[in-house]
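Novice: A single structure is presented below for examination.
The values are calculated or read from the model by the stated rules, or taken from the named source; none is laboratory data. Predicted model, so just to flag it, every value in this text is computed and none were measured. Glycine gets a Cβ as well: all are built from the backbone with ideal geometry, and neighbour counts include every protein chain shown. Each accessible area value is taken on the protein alone, full model and side chains, heavy atoms only, with ligands, DNA and RNA left out. Shrake-Rupley method; radii C 1.70, N 1.55, O 1.52, S 1.80 Å.
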Amino acid sequence: MVSRSTEVRHLQALSVLAQELHFGRAASRLHMTQPALSQLVRDLETKLGFRLVERTTRRVLLTGPGQTFLKDAEEILQHLDRAIETARTEAGQASNSIRIGAILPTAFGFLPEVLASFRHRYPGALIHIENRESQQLVTAVETGALHVALLRPPQNAGTLHVECLRREQFVVAMRTDHPLARIEVLRLRDLKEARIVRISRGDLREAFHEIDEQLEAAGLNIEPSQHADTTLTAMAFVSAGDGVSIVPSWTAGLTWKDVCFRQLNDLSASIDLSIAWEATNLPPIAEHFIEVARRTAA
C-alpha cells in the first residue's frame, strides 16, 4: 500500500535533495519553491512511517533508513527513464534531451567549444547543464540524474566509463608588479625567493602532490607556504599580493586585475579533463555528445 501511494515526484524530490543536501538548491533544480519541496519530503516520510532526512539550521543529512530507501528509489527512477527512452525509440520518437554535468573550469573554454559544435550538428537538441564538483558528478551519472559529465578523473569510477579528453598544464600566477613578472618563461628554481600559495584539493591530490615534490626537488622550502582550498581562493591571495601560485592553465583565460601568468618550462605535472558516462541504455543523443566532445578535444 505504501509503495502505491508514493508518487514518482516524491522519489525525484528525495533524489535531488540527497545530491544537493540543501533544500534551497534542490528546490531550484526541481523548479519548485522550498516550502513545496519540504512538504513533499514530509508527505513521503508520513507515507513510509519513518524519517528520511535530518534537518538542522546548518545542514541536511539523510538518515540511515533514508539512505537505504534512496538506493532502491533511484533504481526505480533509472528503470523508469530507461523504459521511457526505449519506448520512445521504438515509437520513432527518440528523446532529443540531454543532461550534461560539468566542472566549473570547463565553462571558460572547453564546454562552450563542445556546445557550439554539438548545437551545429544537432540544432533541435534540448540541453540541460549542471555545474558541480567531480565527485558529485560521478554520483549524478551513476544514478541516472545526468547522461554524461565533464570532470576530473575520479579515483574510483565504479561502473562508469571514463575517458581522458585533454591534459592541462600548470602556469604561475602573480601580480604584474611582482619581480618575476619581468620574466616570460620561468623555471622552478626561480620561485625560491617567492612566497608560494599552494592549493590543496582532494580531487586533485596527486597533481598538486607532484607539484610539491618538484618544487622541493628544485630546492624550494614549501613549508612556510600559504594554503588555499580552491584555485579561485589561491587567485584571491595572488591578486591581494600575498604571493605567487601554480594554477591550472584554464585560470589564465579569465580576466584578473593586475595579475599575469607565466609558463614554467621544467614543471611536468598536469591534470586531466575526462568525460564519464554510464553505458547501460545510453540514449543516442548522449552518444552523439560524447563523439563531439572527442572531436573537439582532438
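Novice: In the range 114-130, is there at least one residue being modelled with pLDDT of 90 or more and touching a Gly at 6+ places or on another chain (Cβ under 7 Å)?
Specialist: Yes, that holds for at least one residue.
Novice: Here's a follow-up. Spot the failing condition for residue 298; the list is (1) modelled with pLDDT of 90 or more; (2) open to solvent by 50 Å² or more (accessible area, probe 1.4 Å), and only one is missed.
Specialist: It fails just one condition, (1).
Novice: Please give the number of the condition residue 150 fails out of (1) in a helix (DSSP H, G or I); (2) buried (at least 16 other Cβ atoms within 10 Å of the Cβ); (3) in contact with a helix residue (DSSP H, G or I) (Cβ under 9 Å, 6 or more places away or on another chain).
Specialist: (1)
Novice: Shifting gears a bit: Listed residues 276, 234; which is under 30 Å from residue 79 (Cβ atoms), within 23 Å of the chain's Cα centre (by Cα) and surrounded by 20 or more Cβ atoms within 10 Å (Cβ to Cβ)?
Specialist: 276
Novice: Consider residue 165 carefully, then state whether it is assigned to a strand (DSSP E or B), of a type in the set (A, V, I, L, M, F, W, C), open to solvent by 10 Å² or more (accessible area, probe 1.4 Å) and touching a residue at least 60 places away in the same chain (Cβ under 8 Å).
Specialist: Criteria met by residue 165.
Novice: Taking into account only those residues within the range 76-98 that are among the acidic types (Asp, Glu) and surrounded by 13 or more Cβ atoms within 10 Å (Cβ to Cβ), which is modelled with the lowest pLDDT? Break it down stepwise before answering.
Specialist: From the range 76-98, those among the acidic types (Asp, Glu) are 81, 85, 90; that's our starting set.
Of the ones still in play, those that are also surrounded by 13 or more Cβ atoms within 10 Å (Cβ to Cβ) are 81, 85.
Values: 81: 69, 85: 64.
Step by step, filter the range 76-98, then rank; the result is 85.
Novice: Considering only the range 188-208, state which residues are under 20 Å from residue 265 (Cα atoms), part of a loop (DSSP other than H, G, I, E, B) and touching a His at 6+ places or on another chain (Cβ under 9 Å).
Specialist: Listed by number, the list holds a single entry, 194.
Novice: Could you list all residues from the range 209-229 that are open to solvent by 40 Å² or more (accessible area, probe 1.4 Å), at pLDDT 90 or above and either outside any helix (DSSP H, G or I) or not acidic (Asp, Glu) (or both)?
Specialist: 217, 219
Novice: For the range 24-50: of the residues being part of a helix (DSSP H, G or I) and hydrophobic (A, V, I, L, M, F, W, C), which is farthest from residue 12 (Cα to Cα)? Spell out the reasoning first.
Specialist: As a first pass, look at the range 24-50 and keep what is part of a helix (DSSP H, G or I): 24-29, 34-48.
Subset that is hydrophobic (A, V, I, L, M, F, W, C): 26-27, 36-37, 40-41, 44, 48.
Details: 26: 10, 27: 11, 36: 13, 37: 10, 40: 10, 41: 10, 44: 11, 48: 16 Å.
Restricting to residues being part of a helix (DSSP H, G or I) and hydrophobic (A, V, I, L, M, F, W, C), the top hit is 48.
Novice: Yes or no: residue 130 in a strand (DSSP E or B) and either open to solvent by 70 Å² or more (accessible area, probe 1.4 Å) or farther than 30 Å from residue 223 by Cα (or both)?
Specialist: yes
Novice: Also, quick follow-up: How many of the residues making up the range 243-256 are open to solvent by 50 Å² or more (accessible area, probe 1.4 Å) and modelled with pLDDT of 90 or more?
Specialist: 1
Novice: Look at residue 261 and say whether it is outside any loop (DSSP other than H, G, I, E, B) and under 18 Å from residue 152 (Cα atoms). Walk me through how you get there before you give the answer.
Specialist: Working: outside any loop (DSSP other than H, G, I, E, B): yes; under 18 Å from residue 152 (Cα atoms): no.
No: the conditions fail for residue 261.
Novice: Would a scan of the range 170-181 turn up a residue that is assigned to a helix (DSSP H, G or I), under 22 Å from the mean Cα position of the chain (by Cα) and loosely packed, with under 14 Cβ neighbours inside 10 Å?
Specialist: no
Novice: Across the range 99-122, what is the number of residues that are open to solvent by 40 Å² or more (accessible area, probe 1.4 Å), in a helix (DSSP H, G or I) and among the aromatic types (Phe, Trp, Tyr)?
Specialist: 1
Novice: Can you confirm whether the range 239-248 contains a residue that is without any contact (Cβ under 8 Å) to a residue 12 or more places away in the chain and farther than 15 Å from residue 191 by Cβ? Before the answer, list the steps.
Specialist: Residues of the range 239-248 that are without any contact (Cβ under 8 Å) to a residue 12 or more places away in the chain, as a first pass: 240.
With farther than 15 Å from residue 191 by Cβ added as a condition, the list becomes 240.
Yes - at least one qualifying residue is present in the range 239-248.
Novice: Take the range 219-242 and flag every residue that is hydrophobic (A, V, I, L, M, F, W, C) and closer than 20 Å to residue 261 by Cβ.
Specialist: 220, 228, 232, 234, 235, 236, 237, 238, 240
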